[in-house]
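The structure under discussion appears below in the form of structure tokens.
The values are calculated or read from the model by the stated rules, or taken from the named source; none is laboratory data. Because the structure is predicted, anything quoted here is derived from the model rather than measured. Virtual Cβ from ideal backbone geometry, glycine too; neighbours counted across all protein chains shown. These accessible areas exclude ligands, DNA and RNA; they are computed on the full protein's heavy atoms, side chains included. Shrake-Rupley method; radii C 1.70, N 1.55, O 1.52, S 1.80 Å.
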Amino acid sequence: MTEQSPALRLEGITKTFPGVKALDDVSFAVMPGEVHALMGENGAGKSTLMKVLGGIYQPNAGRIVVGEEQAVMTNPLEAKSKGIVFIHQELSLAEELSVAENIYLGELPRKRFGMVDWTTLYARTDAILDKLKVGFNARTRVGALSIANQQMVEIARALTVDAKAVIFDEPTASLTDAEKVVLFDVIADLRSQGVGIIYISHRMEEIFKITDRISVLRDGQYRGTLETAQTNEDEVTQLMIGRKLDLSRNASHHELGDVALEVRGLSCGTLYQDVSFEVRRGEVVGFYGLVGAGRTEIAETLFGLRDPSAGTILMDGEEVRISSPVDAIARGISLVPEDRKGQGLVLGMNCRDNMTLPQVDDLKAGPFVADGAEIAIFDQYRDKLDIRTPGWKQMVRNLSGGNQQKIVIGKWLSMHPSVLIVDEPTRGIDVGSKSEIHNLIRDLAAQGYAVIVISSEMPEVLHVSDRIVAMYQGRVMRSFTSDEVTEDSLIQAISGITPDKVA
Amino acid sequence: MKPGTLSSFLKRGAIWGFIVLELIFFSLAGEFLALSDKAFMDLDNMLLLLKQSAPIGIIAMGMTIVMINGNIDLSVGAIFALAAIILLDSLTWPIFAGLGDWVIPVSWGMALLVGVALGALNGLIVWKTGVDAFIVTLGAMLGYRGLVFMYNGEQPTSHLNWTLVDFAEAQFLGLHTATWFLLAVTAAIWVLMTRTVHGRNAYAIGNNREAAVNAGIRVGPHMMINFMIIGFLAALSAVVFYSESGSVNPNDGQLYELWVITAVVLGGTRLTGGAGSVISTFGGVLAIQLLRKGLGHIGADTSTVNLVIGLILIAVLFLDRQLNVKGKEELKI
């Protein structure tokens, strides 16, 4: 790509909000047929930059050049017509409409009197779907598709225009490994057609697998572009956070305590069957598997959100029945849920109220809430977990993902649980905060908590766990100690390959 | 100044600014247009205004907590009418004849109990069936109104008890009985929502129900308690008002639910729940009553009043939305 002109070029883009410089003189270029990663911690300015590209925000300075022409965009439709197309992390599809209607939403081909030209619509859609090699057709109802296939619909939508640059924003966040492969094929296809691709992701393995170059933002400033083939994770991370990161394995060096939680033959309909395991005090047990392997459902059962169809749960050797979160909390089981904002936090409340939510009733003084006691608890756990917030009155919605997660963790720690279940502890959290959360989980184990970590990221599971339980389609395939586990054996286990079959 | 401070100040203070604006406008306009010589901001007039705010205002306090909790109650007007009938009718029941004036607390108690019971029924259905509160209370609105008509047909129910009328018309420290009830209810609900566990949990449930469940909060009982409170307050509003007027038509209290919701929404409580303030609702109640009274003062008829209030409601919510959107953009970086 020597003398070619870039598919998309940014020159000195600056965007300020009252009191904040969200983007400061950002310049880089994406060549046609290039997969260009854009990386940065949360708050580094990626989303703002995307909104500028999408015509949602107007830059205060700088210009955007598509192909040879300067592009000025005042709304998303204009951006699309200039050939800049987005595949968003959060899908925006009308579930009750067909695939074809979704793809051509707002620009349905018409006959006379404004009637929809269904024949043309379905023909055009099927032509695009053929290119993507997907297993559904133009008439399928979008609501009936899997998340991965819905994403394909979004991609198909992007292909209806003559796209110069396609921007993928965390496209693999909710995909299984198999679905990722399909997505990467599609991206490779686009690239071979000479489209410039901006790929935004926090996941290093993906970045190194599919991108050609990596541009990094930090604090709204452009920090440089690296050739993917000539760099490594450490260099990129350092550029992103301005320091080095330790991601080695981390088994316990302390003595393990008694068995805090034991599960025998637990089943829940078709979601998971005959699951048995135990967690000791001071131990981190990692649950690894593909999306849909039944890990989250086990956590929900232990927390009283689902009734098991068979099996027993024992705490400290005594059989218990947990039929609601109230029971679970009373027994000392806590859950840090997968969807932090949807299930863990009350976004419209302040930090303190979120932290003390499960125990306002225990803390109350007479009929009234105990403000002082609550602030004391907040202060204690803010210091303990290093939560960065101006004060307890700050609304949690204004905190970064990492700090929000610490509020959820602090909420449970302040209740002194015996078992802490953490589902996807670092989903959507930037690299710097990630390692903080990991260290925190290790610390908690060292303090004697029994911790269950559910994660879809292998490096994370390997990093924090003393033992790893590998699941496949609702069953425990194998349990590894941190000494014996290898990446290969783990991948085989979660893909349904047992050691016997291999041998 | 931090981004968002100005807009959040405007949002919180908006209703009081609006009230001041109304006072100025009606005082000035009154100079030229008024039918009487009396100034609009005459003390007696203002005291009367507070008293007239009471029926809607007392119910609005209940609606505030129900809406913060993420629900709504459309049956308050019907509960209001039914409680009024129970009050006035039971005063004449032969079995209470021997009680003398002691029948008054008994009748009050019965009317209030009916309110609590109907509210509890609403709450129980919402809790146990999971059907949306809008639908449940829409049904209840029709059903309870049906009970009102079954009671006495199209006939008004009337009874004047002079001890009761004297109590209702009394003024203590210049304020009417109804005003005292309004102030007491406002204070009580304010304490409930800001100082108690129930209030805190109501906000949490309204804001993110799933997170509240995951924090071990029993969502159902909290919602049911709130429906009982609003049922009680709808009945209390009726009891206070009809102690004085002594006659209730089966159609009384119709559209009250909409006036109440208008006041609550004007005060800034969100229809989706999770945010809102009792004090602002009080402002919303005053603002509406000021408009009705002020427009009457300068000679507008009822239909004009309704038109203007409708327009202002939409304008206020539009403004609120603009401020909200602006606040969000400033924060999202």
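Step through the table entries A:K51/A:K164; A:K384/A:K434; A:K82/A:K164; A:K15/A:K51; A:K180/A:K341; A:K384/A:K406, compare each Cα-Cα distance with 19 Å, and write down the pairs that go over it.
In this structure, A:K180/A:K341 lie more than 19 Å apart at Cα.
Tell me the relative contact order for chain A as a rounded percent, counting alpha carbon contacts under 8 Å between residues six or more apart.
Reported as a whole number, the value is 15 percent.
Please state the relative contact order of the range B:48-324 as a whole percent: Cα pairs under 8 Å, 6+ residues apart?
It rounds to 37 percent for the range B:48-324.
I want to check the label-to-label distance for A:Q473 and A:A365. Put each point 7 Å from Cα in the C-beta direction and report it in nm to one decimal.
6.0 nm
How much accessible area per residue does the protein assembly as shown have, counting only protein heavy atoms and a probe of 1.4 Å, in square angstrom?
44 Å²
Strictly greater than 21 Å: what percent of every Cα pair in the range A:277-349 meets that?
When all Cα pairs of the range A:277-349 are counted, 32 percent exceed 21 Å.
Looking at the calculated P(r) for the range B:121-232, what percent of the C-alpha pair distances fall above 21 Å?
58 percent
DSSP beta bridges in the protein assembly as shown, what fraction antiparallel, as a percent rounded to 5?
55 percent
Measure out, as a whole number of angstrom, how far apart the alpha-carbon centroids of the range A:11-90 and the range B:108-168 sit.
58 Å
Taking only the alpha-carbon atoms of the range A:8-241, what semi-axes of the equivalent ellipsoid follow from 5 times the gyration tensor eigenvalues under a square root, in whole Å, largest first?
Three semi-axes, in Å: 31, 21, 15.
With the convex hull built on the Cα atoms of the range A:259-502, state its orientation-averaged projected area in nm².
The Cα convex hull of the range A:259-502, projected and averaged over all directions, gives 13.3 nm².
Could you give the nm distance between label points at B:T272 and A:R139, where each point is 7 Å from its Cα heading toward the beta carbon?
3.7 nm
Report, in whole Å, the centroid distance computed from the Cα atoms of the range B:170-189 and the range A:342-401.
With the range B:170-189 and the range A:342-401 each reduced to a Cα centre, they are spaced 36 Å.
Determine the dipole magnitude for the protein assembly as shown: charges of +1 sit on the beta-carbon of Lys and Arg, -1 on that of Asp and Glu, nothing else is charged, the reference point is the Cα centre, and the result goes in debye to the nearest 20.
1120 debye
Evaluate the distance, in nm, between pseudo-label points positioned 7 Å from the Cα of A:V72 and of A:I491 along their respective Cα→Cβ axes.
Going by the 7 Å Cα→Cβ label model, 5.1 nm.
Going toward the positive end of the dipole of the range A:8-241, with +1 on Lys and Arg Cβ and -1 on Asp and Glu Cβ, which of A:I197, A:V66, A:V166 do you reach last?
The residue sitting farthest along the positive end of the dipole is A:V66.
Considering every residue in B:204-212, what mean count of other chain Cβ atoms within 10 Å of its Cβ is obtained?
Per-residue shielding by partner chains comes out at 6.
In debye, nearest 20: dipole of the range A:259-502 around its Cα centre with unit charges on the Cβ of K, R (+) and D, E (-)?
500 debye
Please name whichever of B:A83, A:T426, A:A299 sits farthest to the positive end of the charge dipole of the protein assembly as shown, dipole taken about the Cα centre and charges placed at Cβ: Lys and Arg +1, Asp and Glu -1.
Towards the positive end, the residue furthest out is B:A83.
Looking at chain B, how many pairs of lysines come closer than 29 Å at the Cα, when each pair is eight or more places apart or spans two chains?
Summing the qualifying lysine pairs gives 12.
Nearest-5 percent of antiparallel DSSP beta bridges in the range A:8-241?
55 percent
Give or take rounding to whole Å, what are the principal axis extents of the alpha carbon atoms in chain B, in descending order?
72, 59, 35
Which value results when the Cα radius of gyration for the range A:26-118 is divided by 2.2 N^0.38 Å?
Working it through for the range A:26-118, the quotient is 1.35.
Consider all pairwise Cα distances in the range B:11-147 and report the whole-number % of them above 21 Å.
61 percent
In the protein assembly as shown, if every C-alpha pair distance is counted and binned at 10 Å from zero, what percent goes to each bin?
Over the protein assembly as shown, the share of Cα pairs per 10 Å bin runs 2, 11, 17, 20, 19, 15, 9, 5, 2, 0, 0 percent.
Once amide H atoms are placed 1.01 Å from N in the peptide plane, what residues at a sequence separation of 5 or more from A:S309, or on another chain, have their amide H within under 5 Å of its amide H?
Hits under the 5 Å cutoff: A:S267, A:C268, A:G269.
When the Debye formula is applied to the Cα atoms of the range A:352-449, each taken as the same point scatterer, what base-10 log of I(q)/I(0) results at q = 0.12 Å⁻¹?
The Debye formula, applied to the Cα set alone, gives -0.39.
Arrange the peptides A:151-157, A:404-410 so that the one whose residues have, on average, the most other Cβ atoms within 10 Å appears first.
A:404-410, A:151-157
With a Förster radius of 35 Å, plug the Cβ-Cβ distance of B:A97 and B:L142 into 1/(1 + (r/R0)^6) and report the FRET value to the nearest 0.05.
That gives a FRET efficiency of 0.50.
Tell me the carbon and sulfur percent of the accessible area for the range B:194-255, rounded to whole percent, probe radius 1.4 Å.
56 percent
Mind grabbing the interface size between A and B? I mean buried accessible area, both sides, 1.4 Å probe, in Å² to the nearest hundred.
2500 Å²
Give me D for the range B:146-305 in µm² s⁻¹, whole number, from Stokes-Einstein with Rh from the Kirkwood sum over alpha-carbon pairs, 4 °C and 1.567 mPa s.
Value of D from the Cα-based Kirkwood radius: 71 µm²/s.
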